[in-house]
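The values are calculated or read from the model by the stated rules, or taken from the named source; none is laboratory data. The model shown is predicted, which means the values in this text are computed figures rather than measured ones. Neighbour counts are summed over all protein chains in view; Cβ atoms, including those assigned to glycine, are modelled from backbone coordinates with ideal geometry.
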């Protein structure tokens, strides 16, 4: 099922193009800072190992914190999107990653605590894992809205971020920059970029975004910044249905599940004091009774 800009609640007129391009660039920036944050940590692993005097096995255990946090973040991403909407969920995920980088830096350079570094990496993994899902959802949405293949370019931005992060890490190691100052500086840069970029992600109330997250420019929910209003905005769904509605916009419904739902709806509903005709072997008899309403 293909979703156009109009299906997503965004005007497809020429006036909408700047808003769509700003949305696209914001997603590009998210991919870039994700790669930058990951490469920043990776480039300083030797310094962390030397500063904490870790063995190879201990380094592996510390890195396991990053992996475990990533898995949890991947699982939690859908719930965060459904409850907070794209803008606030992305900022929260990036903020958690940034806090984790700073925590790892404190544990390495200031306190010399392996446990603190492990906890910091778990936070980095959680934030990056959740943001990875969110930025891919937004990437698929803007790709369909614009009508061009953009996902390869988005992943290229991630790769570019890793290159920049690795080069910056090599430079920081060359000048013997403490791990704390390096990680803290990158964490603040990543967080500032995310906060600035999410303003260009359109608010779509029908997918779980709250109208209160509309941009300061006065854009209506469901309309990309700089675009014309696409019509009356739909009411936000109940929280219990937000996850299904959110994912249903991007993925086609399962035919088997839809068939099962239609069968359930076609079942006969019994009501109190109902009278039904029961046919057996060509003859009909009438059966009256008091039945509890079936779901």
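Quick notes on this one:
- Flag for residue 81 being in contact with a helix residue (DSSP H, G or I) (Cβ under 8 Å, 6 or more places away or on another chain) and touching a residue at least 24 places away in the same chain (Cβ under 8 Å): yes
- The condition of being more than 17 Å from residue 191 (Cβ to Cβ), modelled with pLDDT under 90 and assigned by TED's automatic domain parsing to the domain that holds residue 194 holds for only one of 85, 139, that being 85.
- Checked against (1) surrounded by fewer than 20 Cβ atoms within 10 Å (Cβ to Cβ); (2) under 16 Å from residue 169 (Cβ atoms), residue 104 passes all but a single condition, namely (1).
- For segment 12-25, the count of residues that are within 13 Å of residue 157 (Cα to Cα), at pLDDT 55 or above and within 20 Å of the chain's Cα centre (by Cα) is nonzero.
- For the residues 43, 70, the requirement of being crowded, with 17+ Cβ neighbours inside 10 Å and under 25 Å from the mean Cα position of the chain (by Cα) singles out 70.
- Meets criteria (under 18 Å from residue 35 (Cβ atoms), at pLDDT below 95 and part of a helix (DSSP H, G or I)) for residue 67: yes
- Residue 174 vs. criteria farther than 15 Å from residue 42 by Cβ and out of contact with any helix residue (DSSP H, G or I) (no Cβ under 9 Å at 6 or more places or on another chain): yes
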